[in-house]
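Heads up: the structure comes next, in C-alpha cells.
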C-alpha cells in the first residue's frame, strides 16, 4: 500500500494502482473527467500506464454540462 492525496484527502491505494484503476474504484464516469497528477494534467490515453507512487497528489475534476 502507498499513501496518496486525492482531492486534498489522504488515501491508501495498492502499490500497482494506475490512474485508470483508481477512477474505476471510485466509480466515476471517465467521459467527463480531468486528472491532474502532481500539478500536471495527465492525458486519458496515459491513465492505464500511469502508476501512482507514495506521496503523489491527485486531483480529479468531473465536468458537468449545463447552461
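For region 1-19, the set of residues classified as surrounded by 13 or more Cβ atoms within 10 Å (Cβ to Cβ) and within 20 Å of residue 64 (Cα to Cα) consists of 6 only.
Looking only at residues in region 32-56 that are touching a strand residue (DSSP E or B) at 6+ places or on another chain (Cβ under 9 Å) and part of a strand (DSSP E or B), the one that is nearest to residue 2 (Cα to Cα) is 51.
Scanning region 22-31 for residues that are assigned to a loop (DSSP other than H, G, I, E, B) and farther than 17 Å from residue 11 by Cβ yields a single hit, 29.
Bear in mind that the values in this text are calculations on the coordinates, not laboratory data. Treat the numbers as computed from the prediction; the structure is a model and nothing was measured. For neighbour counting, all protein chains shown are included, and Cβ atoms are generated from backbone atoms with ideal geometry for every residue, glycine included.
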